Amino acid sequence: MTSILTESPSADRQDSAWQFAKSPCISESDGPLRLCCDIEVKALKPSLPPLADLVACPQCDTLHHAARLPEGSRAYCKRCGIVIATERATAFAQVLSLAITAFILMVAAISFPFLELDVAGHHNSISVLQAVTVFNDGIALLLAIAVAGFIVFLPLLRLASIIYALGPLVRGKPARRSAKEAFALAEFLQPWSMAEIFIVGVAVALIKVAGLAQVSIGPAFWAFCALVLITVLKDQLICRYSVWQALD
Amino acid sequence: MACSRCGRLHPITESYCTRCSAPLESRDFESPQKVWAWLIAGLVAYVPANLYPMLRTSQLGKTTESTIVGGVIDLIHHGSVGIAAIVFFASVVIPVGKFLAIAYLAISVQRKSLLNQHQRHKLYEVVEFVGRWSMIDVFVVAILSALVQFDTLASINPGIAAFSFAISVVFTMLSAQSFDARLIWDVDRTNHAK
């Protein structure tokens, strides 16, 4: 789809381009941007290429020209080195299928028993949501809701948003009406979906209790692990820039 | 001016992104203030998280309470040094490291430092990525409390520190998010343009 080839001055410099326009023959000392004019701002044409052809690095704001990327390659910011875009033909379909799988796995993970503990004849079986309800006295109720949110509801919401936004795109149809809001929501929720951290926490807890009693792992645990792996894989595959372009 | 949500470029005069309707802001000049506000809030929440008990264990009528650090020491005594290391790392090293790192980044931006831009940028990325992992301990407490509920034989309940610690993690995450990384690089241009 697009790639990053050359560097231009920072995106924020556009205002300076307009300011300098009033003075005659100002040329800037760095970069290819040169202004030479003695006419009013209104009549001035900025020497930046049309904005649609430019891409700004999301972390350091350096402008780059946008052009087609060869298949399977990545475009890095020239200044700070982060990945701006990647090109992969089937990326959308892969991401969508991973998201749907993850969604189904999450539903399974919260429905089935998660872990079972056997101590001296007593048996205790819990599901993921039960693990959250331990915080249920007073102020800790807030924590219960937050934890349930972080590990179940926010990931579900994020997956649903991605499915909603990318679904029609994969089939080649135009995006649905609020697909952009949905994808923006998915991006916003990214750091707050803590499903994978939950799994590591469970592993730590299991090792803590393993000495005490007999622990058996329910199907939901494996579903959750698979879910985490798929989510990580999916996040690697998404190229945000391509999606936003396609959503346009 | 680039939309911080979807990346589309706009002239400096626009207020809303034409693609994703997000409010456009060339630079978040209040970013250092927000960062410090969340950071101090997170620090304030971190203190009771360490002083109060995280886990309350009742075994055969006897109740023991353990704080975060106390729990780590217990684990070492029981021989699970690896797990103790993980818990110590996630609940002490990472949060304290985050406090120091974010404070350093905020100060360096406010002082308009030109040094080590790439390293500071990398530091910012690491902080943002790693921040969420401090929540491990909260989830451990949740799972243990849910699993081990056998009345008098053995039961584990969460202490107030779990709540405080979760709050602290959330605040430091918000603090890292409010940091506008572009301010690190902006110093370059401001100094150059003179």
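The values are calculated or read from the model by the stated rules, or taken from the named source; none is laboratory data. Quantities reported herein were computed from a predicted structural model and do not represent experimental measurements. All Cβ positions, even for glycine, are placed from backbone atoms using ideal geometry, and neighbour counts span all protein chains on display.
The table for this structure:
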item	result
Residue in segment B:132-143 that is within 30 Å of A:C60 (Cβ to Cβ), buried (at least 22 other Cβ atoms within 10 Å of the Cβ) and among the β-branched types (V, I, T) present	no
Flag for B:L24 being under 29 Å from B:R111 (Cβ atoms), at pLDDT 80 or above and hydrophobic (A, V, I, L, M, F, W, C)	no
Pair list, Cβ under 8 Å, 6 or more apart: segment A:80-95 residue surrounded by 14 or more Cβ atoms within 10 Å (Cβ to Cβ), other residue at pLDDT 70 or above and of a type in the set (D, E)	A:I82/B:E125
B:V138 farther than 30 Å from B:G61 by Cα and within 15 Å of the chain's Cα centre (by Cα)	no
Conditions (1) away from every other protein chain (no Cβ under 11 Å); (2) aromatic (F, W, Y); (3) surrounded by fewer than 19 Cβ atoms within 10 Å (Cβ to Cβ): number failed by B:F171	(3)
Candidate set from segment A:63-90 (those that are of a type in the set (V, I, T) and within 25 Å of B:R182 (Cα to Cα)); member that is modelled with the lowest pLDDT	A:T86
Any hit, segment B:114-128, residues being on the phi < 0 side of the Ramachandran plot, more than 7 Å from chain A (Cβ to nearest Cβ) and not in a helix (DSSP H, G or I)	yes
Some residue of segment A:139-161 being over 30 Å from B:I76 (Cβ atoms), surrounded by fewer than 17 Cβ atoms within 10 Å (Cβ to Cβ), modelled with pLDDT under 85 and more than 12 Å from every other protein chain (Cβ to nearest Cβ)	no
Looking only at segment B:79-113, and only at residues there that are among the basic types (K, R) and either in a helix (DSSP H, G or I) or in contact (Cβ under 8 Å) with a residue 24 or more places away in the chain (or both), the one that is nearest to B:P48 (Cα to Cα)	B:K98
Residue list for segment B:139-153, restricted to those being over 17 Å from B:P53 (Cα atoms) and either more than 7 Å from chain A (Cβ to nearest Cβ) or basic (K, R) (or both)	B:D151, B:T152
Hits in segment A:217-248 (condition: polar (S, T, N, Q), within 11 Å of chain B (Cβ to nearest Cβ) and surrounded by fewer than 16 Cβ atoms within 10 Å (Cβ to Cβ))	none
Close pairs (9 angstrom Cβ cut-off, 6 or more residues apart or separate chains): within 7 Å of another protein chain (Cβ to nearest Cβ) in segment A:191-202, outside any helix (DSSP H, G or I) and modelled with pLDDT under 85 anywhere	A:V202/A:F114; A:V202/A:L115
